[in-house]
1. For the chain, which span is the longest to avoid every loop-located (per DSSP) member of GluC sites (Glu not before Pro) having at most 10 other Cβ atoms inside 10 Å?
2. Can you give me the solvent accessible area of Lys18 with a 1.4 Å probe, rounded to the nearest 10 Å²?
3. How big is the range 44-96 by Rg and Dmax over its Cα atoms, in Å?
4. Tell me the net charge near Ile15. Cut-off is 14 Å between Cβ atoms, Ile15 excluded, with +1 for each Lys or Arg and -1 for each Asp or Glu.
5. With all protein chains present and a 1.4 Å probe, how do Asp47, Asp52 order by accessible area, largest first?
6. To one decimal place, what orientation-averaged projected area in nm² is obtained for the convex hull of the Cα set of the range 55-124?
7. Could you pull out the pairs from Lys18/Lys92; Lys72/Lys95; Lys45/Lys72; Lys45/Lys88; Lys18/Lys82; Lys18/Lys95 whose alpha carbons sit more than 23 Å apart here?
8. Based only on the alpha carbon positions, what is the Kirkwood hydrodynamic radius of the chain, in angstrom?
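The values are calculated or read from the model by the stated rules, or taken from the named source; none is laboratory data. As the structure is a computational prediction, the values presented were derived from the model and not from experiment. Note that we place each Cβ from the backbone using ideal geometry, even for glycine, and neighbour counts take in every protein chain shown. Accessible surface is based on the protein model in full, side chains and every heavy atom, while ligands, DNA and RNA are left aside. Shrake-Rupley method; radii C 1.70, N 1.55, O 1.52, S 1.80 Å.
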Amino acid sequence: MTELPPLTTDTIWAILNKDLDNDTVNRLVWHYLGYRYDDAEQTWKTDQVAEDWRETYPEPPDFIENRPPNVKLTRSIPKENKQLLKEKLGFKGYKIGEFSPLETRRATMANWLLNYMVNQGLLS
């Protein structure tokens, strides 16, 4: 697997602006959920993944292509952190008629990563 970009607000903006490809965005979320790929065994290691994720998704899900894992990601963000994109980045959202499920799912993933950053003390 290729190197992931650092988890910064610039990376979050790159997700929102579609400057990062879907595969990289998925891999970022997988990484911070705890999924690790073992090249030697060619399998996913899930010992760092929360039990509820590990049981439902023994291999990391495609958050872009599949709605159910994205819904689970949304539900895992505490209510007080649902608006982090707006509160921390000033993100105004996408314009009506100019967004699709792709943008919505990427925004969810970006917000989940911001939530992770806040919870880890990486962003105040």
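1. Formally, the longest exposed-site-free interval is 42-97.
2. Solvent-accessible area, nearest 10 Å²: 100 Å².
3. Every Cα atom of the range 44-96 included, Rg and Dmax give 14.0, 41 Å.
4. Local charge sum for Ile15: 0.
5. Highest to lowest solvent-accessible surface, that is Asp47, Asp52.
6. Answer in nm², one decimal: 5.4.
7. Where the Cα-Cα span goes over 23 Å, the pairs concerned are Lys72/Lys95; Lys45/Lys88.
8. Averaging 1/r across every pair of different Cα atoms and inverting gives 15.0 Å.
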